[in-house]
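This report concerns only the one structure given below.
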Amino acid sequence: GQSLEQPSEVTAVEGAIVQINCTYQTSGFYGLSWYQQHDGGAPTFLSYNALDGLEETGRFSSFLSRSDSYGYLLLQELQMKDSASYFCAFTNNNDMRFGAGTRLTVKP
Amino acid sequence: DTAVSQTPKYLVTQMGNDKSIKCEQNLGHDTMYWYKQDSKKFLKIMFSYNNKELIINETVPNRFSPKSPDKAHLNLHINSLELGDSAVYFCASSVSYEQYFGPGTRLTVT
């Protein structure tokens, strides 16, 4: 079957670093994406990994291990505005599926 | 310069009614999607169109029918609305792995 698992909630303080993990199960895997969604807003694209390793975009980095069917999103120097839901999503040869989302709360 | 737009933003209607949601993208993308996000924020793909042809048709009730008059538009028509259809519906478009989402349509069925 196909599935994605990510923690439902994460809490961290401003300035800290937080890692949101995602494990997936699918066939014909192409890549893993991450999206951010603020309350009342639309999902917005953050990053995509097709190959193993770390991709860095400013304060956000994303990692993929295809052999472990695992990835993570790393958020550094957390700011209050980073409080949002974060979704991992895989793309395969037929489909794109999203995880249930991780709600990140950043506290002062 | 809205990339992906949806109308209406809010839709309140009674059970049994038929309603449509419209989506337009000005990005020149070939692929468009409809997603349903329920109250628990689970984002589920419903349909995908590539250059006006349906390429994904998830197991959604046949009361939901997508229509793509051209590759810039993907509308969603819903017949005989039920309480469980209440959700936020997002349209999206993509050219590769990156999807651009519309602002969403919050549908409330009473």
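Throughout, read-outs are computed from the coordinates displayed, never taken from laboratory work. Computed from a predicted model, the values in this text were never measured in an experiment. Note that each Cβ is placed from the backbone with ideal geometry, even for glycine, and that neighbours are counted across all protein chains shown.
Quick notes on this structure:
- Residues B:MET32, A:MET80, ranked from the fewest to the most other C-beta atoms within 10 Å, line up as A:MET80, B:MET32.
- Taking 0.36 nm per residue of sequence separation and removing the Cα-Cα distance, the B:VAL95/B:TYR10 pair yields an extension gain of 27.8 nm.
- With N counted as the residues of chain B, its alpha-carbon radius of gyration over 2.2 N^0.38 Å works out to 0.99.
- Pairs beyond 32 Å (Cα-Cα), from A:LYS81/B:LYS52; A:LYS107/B:LYS22; A:LYS81/B:LYS71; B:LYS40/B:LYS67: A:LYS81/B:LYS52; A:LYS107/B:LYS22; A:LYS81/B:LYS71
- Amide proton proximity set for A:SER47, modelled H, under 5 Å, gap of 5+: A:TRP34
- Shape summary: the protein assembly as shown maps onto an equivalent ellipsoid whose semi-axes, from the alpha-carbon gyration tensor, are 30, 20, 16 Å in decreasing order.
- Annotation: amide H of B:VAL60 has no partner in the under-5 Å range at sequence separation 5 or more or interchain, hydrogens built in the peptide plane.
- Each eigenvalue of the Cα gyration tensor of the range A:17-78, multiplied by 5 and square-rooted, gives one semi-axis; in descending order these are 20, 14, 10 Å.
- Shown for B:ASP30, B:ASP18: other C-beta atoms within 10 Å of each C-beta, ranked fewest to most, produce the order B:ASP18, B:ASP30.
- Counting Cβ atoms of other protein chains within 10 Å of each Cβ in A:95-104 and taking the mean gives 4.
- When the inverse distances between all different Cα atoms of the range A:62-107 are averaged and flipped, the Kirkwood radius reads 12.3 angstrom.
- Cα pair count fraction exceeding 20 Å, expressed as % - chain A: 34 percent
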